[in-house]
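Read the structure below first, then the notes.
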Amino acid sequence: MGDVEIHRTADMKKLRKPTVIMGFPGTGLVGSVAASQIVESLAMEFGGYISSAEFAPLAAIHDYKPMPAARIHFSEKQNLIVIISEMTIPVGSSQDVADKIYEFAKSVGAATIISLGGISLQDEKKGVFVVSSDAAIVKDIIAKKIAKPIREGATTGVTGILLAKGALDSFPVTTILAESSEEYLDPRAASNVLKVLARITGVPFNTAKLEKEAEEFSKDIKESVLKSRIMKKKGPSANEGGSMYG
């Protein structure tokens, strides 16, 4: 057994069959960014943290305040719990982390676990895909055309383990994956994930900040590409003073 522990710092007894949302780093940092936006937009309370000797020795700093990189937030009003990590979970700790999250979800009487993340970009339109241990959820997603269900494939890490555990225990575990760039943080993909999550849970999530960041980021990328093309057309003479390495 590993040494992963979940430490509660707040009483969550008023929650009734809450939805547990999980956002960990991955492609485009979609999971972490989306989960962080939920916590911020809903002004969720700090409820605990996850520790392990295998975790990276770091603290996340938000609004001048240092916090554990892997932590728990909750909202009694929305009946939600968010488990967020701003560090990559070591492969060797994945099983233990998944087990502890599953035990935690059961201990608070959670109705479901929903994981948020990114998947390698296949289409410029950036579609959103869903896989679930609950056939009823998949059927509803197909009927409402909320996202594209994944029929064949594989998913790894904490999310993959939770999906398998949910399937074996007949407990609803769902993963929402937005197509995202692998090369940089993708706020647009995070926004797309939250829009699908809102349709599934019925809880509205403010994505305005992410949409604005996506527009600004897109503009910066286009300007960078344009400048690069101009420099290539101008050739070496564009570099005034030249280069000592030619």
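Things worth noting here:
- Sequence of R71, R151 once ranked by neighbouring C-beta atoms within 10 Å, starting from the fewest: R151, R71
- Segments 81-92, 134-145, 19-30 sorted - mean Cβ within 10 Å per residue, highest first: 19-30, 81-92, 134-145
- FRET efficiency for I150 and K106, using Cβ-Cβ distance with R0 set to 22 Å, rounded to 0.05: 0.30
- In this label model, A164 and K14 are separated by 3.9 nm, measuring between points 7 Å along each Cα→Cβ vector.
- Relative to the current alpha-carbon distance between E54 and H7, full extension at 0.36 nm per residue lengthens the span by 15.3 nm.
- Förster radius 25 Å - calculated FRET efficiency between E182 and D140, Cβ distance, rounded to 0.05: 0.25
- Ranked by how many other beta carbons lie within 10 Å on average, peptides 47-55, 155-163 from highest: 155-163, 47-55
- Annotation for segment 81-157 versus segment 1-78: alpha-carbon center distance of 16 Å.
- Taking only the C-alpha atoms of segment 5-206, Rg followed by Dmax gives 15.6, 45 Å.
Values quoted throughout were computed directly from the atomic coordinates according to the rules given, and no laboratory measurement underlies them. Remember, it's a predicted structure, so these values are computed and weren't measured experimentally. Neighbour counts are summed over all protein chains in view; Cβ atoms, including those assigned to glycine, are modelled from backbone coordinates with ideal geometry.
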